[in-house]
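Please read the structure below before turning to the comments.
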Amino acid sequence: MDMVHDYDPTPLSCDKDALKESIRDGLIHIVGKDPLNATRRDWLQAVSYAARERIIERRMYTKRLFNQEQVKRVYYLSMEYLIGRMLVNSLMNLGFYENCKDALKEMGVDLHEIVGLESDAALGNGGLGRLAACILDSLATQCLPGYGYGIRYEFGMFHQHLEDGEQVEHPDNWLRYGNPWEFPRPEKIYPVHFYGYVVEHRERGVTRHHWEDGEEVIAMAYDHPTPGFGNKNVNNLRLWAAKATRDFDLDYFNEGDYIRAVQEKIESETISMVLYPNDATAVGRELRLKQEYFFVSASIQDILARHLELGYSLGELPNKVAIQLNDTHPAIAIAELMRLLVDQHHLPWQKAWNITCGVFSYTNHTLMPEALETWPVHLMERVLPRHMQIIYEINFHFLNEVRHNFPGDNAIVQRLSIIDESNGRQVRMAHLAVVGSHMVNGVAALHTQLLKKNLFRDFHRLWPERFVSITNGITPRLWLNQANPGLRDLINEHIGEDWLMDLQQLNKLEPLIDNPGFRERFQQVKRRNKERLADMIKEEMGLTVSPDAMFDVQIKRIHEYKRQLLNVLHIISYYNRIRDGRAGEQAPRVSIFAGKAAPSYVRAKQIIHLINDVADVVNHDPMVAGKQQVAFIPNYDVSSASVIIPAADLSEQISTAGTEASGTGNMKLALNGAMTIGTLDGANIEIRQAVGEENIFIFGLNADEVDHLRAEGYRPRDYYDSNEELRQALDMIRDGFFSPSEPGRYRDLVQNLLEVDTFMVLADYESYIREQERVDELYRDQDAWTRRAMLNTARMGYFSIDRTVAEYAEKVWGIVPEGWN
Ligand SMILES: *Cc1c(COP(=O)(O)O)cnc(C)c1O
């Protein structure tokens, strides 16, 4: 008997009447409410449970299938998953969104009115976490056996409020109303060990290591099934929560110290309490190291347990298991797998090492020095004493190989060592990740090229075949199908729905640019999306913006390298031109910003304040009324991105060349028919290649020119001295024009630009302003603009996450699809 095909993965019907019954049943029996006085949130819960019942059936089927077919699995280890809301995604992926909407309607409930009540699962900071979420969607959609592992943070990314133009953080209590998308697995628990010391002893001629004493925390699994689009496969995201070893420590109990026992419990459970809100900067805190090891140890123990339960030997690990490290945050996994293989399973070192390198691969996300994780040896020694020993031993063998390859070159040994001896002995996590992986990838062509040239130059000399480039992508299911129903319907009408699983199909839209009727429809869709965003801005900020204006959008984390300041300088210059009567016939613009600053990143918070100060002046100046507005939309997250992106005319991707690894916001915006103004950085370069040079606005120094300018001595003040418009804008900021109540507010910021300007804002200013003039000129020819915007949508197929994931599957993981389509 065929165990899998004997089982019907969808016994619960998904037709309207069956859904109606499920929803009513869930409302009464799970939520416990009378349909006569249920709130909208009660209905939301009930619908979510109806979807969940159908997801979990398919999950069981998928699991049985994978086990039976003895597939190789990939495990994606990531500290972050920036998921967003689940309901619409689930309904659409399962294929019964319309049925569900109709079912609710017959019960007097509007689906549109309840989806917004769901909290946005923001277990990530930005691009890195959103990439992880897109990858999970694609694995399930392509029927690839892929599992995510991460942390079930009690509090995700903070909520951003603005008070007098300044960012204020509020905790994100996203689990307040419960979470229908998770399945707690109180039986899936693993101990995770911290502190203590290592004891050596001889056993039948071999030295064995015991990690003793210290503290133990329990990791408990919460499963989040992730349905694929257009198929019946459902994969799993397993998130770990920290629990005290026993509910209460018995020793304290016996001593009669009840309160102390409770305190210990609370302390061990803080490990999974909160997401660190830092994007692209390493935080060297002990709790962060504990978070990293906590989820890594539980995941590796779980992976090994599953492997052995399925009857495979440890030697078969590289044939059945691939583990992807999303940045270095989970890189301690390499030492953890070695520890389990050597200390617990008693494998010889070399055999364990071959297995480990065969299993792991590592994705690098940034070249910026402040983002590179290093841990002080003394801290690692105290928190993870056995891992520190293992890292030393890995390093010992590795450096022998280096010496063998570069005899007499002592400098290269120091540069490559996993231990940085030059500033107080640090463990370089990126080096550990490269040494313990069989593949290392950058996330865009330029980024990978720079990795090989700079950060991993010596590694690349040693192991050139280990480095590959896999350009990031985005899921069209969320970023077009769900976020932009108007454009989706228009596309479906003309080329069908195949693009949802094969985004290259969008190139069938190209011939339609010569069809005036289609162009008009495309414009109407954009117009309606702009009205929708204008409504949101009105509702959230009380600001009325005109959808007739160009929507000029910069939405991303606030970071100096992303250069929101360059955008602000353009806004001020445009403002001055209007006031001085020099602006001519320029099209009205609304400059729209959104993004969070890390709470400890003072300069980034100052940039938010400045944007809001400038907005305050511009929006209240009658001289520019109807011509210019500025809006900072608070609390950027996946949900607000889904409203802003379809409404954008212009996409600002203006980082200093060589600093943005890939960017994915650039892809979402271009796919939705925004024109890009950008530098030759990250994936912008590949976007230019895909959409054509005439359909993108490129300006500024390229990465080589940035290097050269820096090498020959960059002098930002020269640009200030020689460009009057720039000088005027900077003087206004410095002298308090935008902050009359505190004229000195931005003196430091401007001084820093004039004297340091690490990210070369001033060097790119003139070329940016000139390119913005070209943007304006094209925008005033709406027909020409629309043609180019359409070509952007039609030519973005390459940036589907499905292409990205297929490349990982083939080049890195060695896994193949399994399942029903
Ligand atoms: C896509 C996305 C990002 C990444 O944007 P970049 O412009 O690539 O930095 C960050 N935050 C959210 C909510 C996103 O959806």
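We did not get these values from a lab; they are worked out from the coordinates using the rules stated. All figures in this text were calculated on a predicted structure; none of them were measured in a lab. As a convention, Cβ positions derive from the backbone with ideal geometry for all residues, glycine included, and neighbour counts pool all protein chains shown.
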Q) What pairs from Lys232/Lys811; Lys63/Lys290; Lys33/Lys105; Lys452/Lys562; Lys16/Lys63; Lys265/Lys290 go past 20 Å between their alpha carbons? A) Lys232/Lys811; Lys63/Lys290; Lys452/Lys562; Lys16/Lys63
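Given charges of +1 on the Cβ of Lys and Arg and -1 on the Cβ of Asp and Glu, with all other atoms neutral, how large is the dipole of the chain about its Cα centre, in debye to the nearest 20?
Numbers: 89 positive and 117 negative charges, 225 e Å.
Roughly 1080 debye for the chain.
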Q. Roughly how many Å is it from the Cα centre of the stretch 141-197 to that of the stretch 475-489, as a whole number?
A. 26 Å
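Between Ile266 and Arg461, what's the calculated FRET efficiency when r is the beta-carbon distance and R0 is 51 Å? Round to 0.05. Can you show the working numbers first?
Values: r = 50 Å, r/R0 = 0.98.
With a Förster radius of 51 Å, E is 0.55.
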Q: Would you calculate the separation in nanometres between label points at Glu531 and Arg403, each defined as 7 Å from the Cα along the Cα-to-beta-carbon direction?
A: 7.5 nm
Q: Considering the options Ile259, Pro385, His345, tell which one lies farthest towards the positive end of the dipole of the chain, charges being +1 on Lys and Arg and -1 on Asp and Glu at the Cβ, about the Cα centre.
A: His345
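Taking the Cβ of Glu755 as the center, what net charge do the other residues with Cβ under 10 Å away carry, scoring Lys and Arg +1 and Asp and Glu -1? Please list the in-between numbers first.
Values: positive: Arg715, Arg717; negative: Asp757.
My count for the surroundings of Glu755 gives +1.
Which order do Lys562, Lys16 fall in if you start with the one that has the fewest other Cβ atoms within 10 Å?
Ranking Lys562, Lys16 by Cβ neighbours within 10 Å, fewest first, gives Lys16, Lys562.
For the stretch 566-615, which trypsin sites (Lys or Arg not before Pro) pass both filters: DSSP loop (anything but H, G, I, E, B) and at most 16 other C-beta atoms within 10 Å? Don't skip to the end; give the middle numbers.
Numbers: sites: Arg577, Arg579, Arg582, Arg589, Lys596, Arg603, Lys605; in loops: Arg582, Lys596.
Sites meeting the loop and neighbour criteria: Arg582.
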Q.
Using Cβ counts within 10 Å as a stand-in for footprinting exposure, how do Asp327, Asp34 rank, fewest first?
A. Asp34, Asp327
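Just how large is the dipole of the stretch 15-93 about the Cα centre, in debye to the nearest 20, putting +1 at every Lys and Arg Cβ and -1 at every Asp and Glu Cβ?
Numbers: 15 positive and 10 negative charges, 53 e Å.
For this selection, approximately 260 debye.
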Q: Please name whichever of Thr226, Phe194, Gly178 sits farthest to the positive end of the charge dipole of the stretch 162-236, dipole taken about the Cα centre and charges placed at Cβ: Lys and Arg +1, Asp and Glu -1.
A: Thr226
Q. What aspartates and glutamates sit close enough to Lys668 to cross-link, taking a C-alpha to C-alpha distance under 13 Å and skipping anything fewer than 8 places away on the same chain?
A. Asp649, Glu652
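Classify the stretch 48-121: rounded, prolate or oblate, from the alpha-carbon gyration tensor (a ≥ b ≥ c, eigenvalue square roots; a/c under 1.5 rounded; otherwise prolate if a/b is larger than b/c)? Write down the numbers at each step before the final one.
Numbers: a/c = 3.74, a/b = 1.63, b/c = 2.29.
In terms of gyration-tensor shape, oblate.
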(Q) For a Förster distance of 45 Å, can you work out the FRET efficiency between the beta-carbons of Val468 and Arg41, rounded to the nearest 0.05? (A) 0.45
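Of all trypsin sites (Lys or Arg not before Pro) in the stretch 116-190, which ones are in loop regions per DSSP and have a Cβ with at most 16 other Cβ atoms within 10 Å? Before the final figure, lay out each step's value.
Numbers: sites: Arg130, Arg152, Arg176, Lys188; in loops: Arg152, Arg176.
Sites meeting the loop and neighbour criteria: Arg176.
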**Q.** Chain lengthening between Gln689 and Arg582 when straightened (0.36 nm per residue, less Cα-Cα)
**A.** 35.0 nm
Q. What is the fewest-to-most order of Thr366, Thr448 by other Cβ atoms lying within 10 Å of their Cβ?
A. Thr448, Thr366
**Q.** HN-Hα J in Hz across the stretch 180-187 - Karplus 6.51, -1.76, 1.60, θ = phi - 60°, x for Gly and Pro
**A.** x, 8, 10, 10, x, 10, x, 8
Q. When the Karplus curve 6.51 cos²θ - 1.76 cosθ + 1.60 is applied with θ = phi - 60°, which whole-Hz ³J(HN,Hα) does each residue of the stretch 443-456 get, with x for Gly and Pro?
A. 10, 6, 4, 4, 4, 5, 4, 5, 4, 5, 7, 10, 3, 10
Q. Dipole of the stretch 688-790, Cα-centred, from +1 at each Lys and Arg C-beta and -1 at each Asp and Glu C-beta, to the nearest 20 debye?
A. 280 debye
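Return a whole-number percent for the relative contact order of the chain, with Cα pairs under 8 Å and 6 or more residues apart as the contact set. List each step's numbers first, then the result.
Numbers: 1505 pairs, mean separation 109.6, N = 821.
Once normalised by length, the contact order is 13 percent.
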Q. Which whole-angstrom value gives the distance between the alpha carbon centres of the stretch 631-655 and the stretch 509-528?
A. 22 Å
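What is the extension gain from Arg717 to Asp110, computed as 0.36 nm multiplied by their sequence separation minus the C-alpha to C-alpha distance, in nm to one decimal? List each step's numbers first, then the result.
Details: separation 607, 0.36 × 607 = 218.52 nm, distance 5.83 nm.
Gain on extension, Arg717 to Asp110, equals 212.7 nm.
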Q. In the neighborhood of Ile769, defined by Cβ-to-Cβ distances under 11 Å, what is the net charge if each Lys or Arg adds +1 and each Asp or Glu adds -1?
A. -3
Q) Which is farthest toward the positive dipole end of the chain among Ala305, Val434, Gln70, measuring Cα position about the Cα centre, with Cβ charges +1 (Lys, Arg) and -1 (Asp, Glu)? A) Gln70
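Taking 0.36 nm per residue of separation and subtracting the Cα-Cα distance, what length does fully extending Glu421 through Leu12 add? Before the final figure, lay out the partial values.
Working: separation 409, 0.36 × 409 = 147.24 nm, distance 6.13 nm.
Between Glu421 and Leu12, full extension yields 141.1 nm more.
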Q: Counting only C-alpha contacts under 8 Å and six or more residues apart, can you give the relative contact order of the stretch 144-256 as a whole percent?
A: 27 percent
Q: Show the residues, 5+ positions off or on another chain, whose built amide H is closer than 5 Å to the amide H of Thr676.
A: Ser651, Phe697
Q. Hey, rough spin-label estimate for Ile259 and His210, points 7 angstrom out along Cα→Cβ, what's it come to in nanometres?
A. 3.7 nm
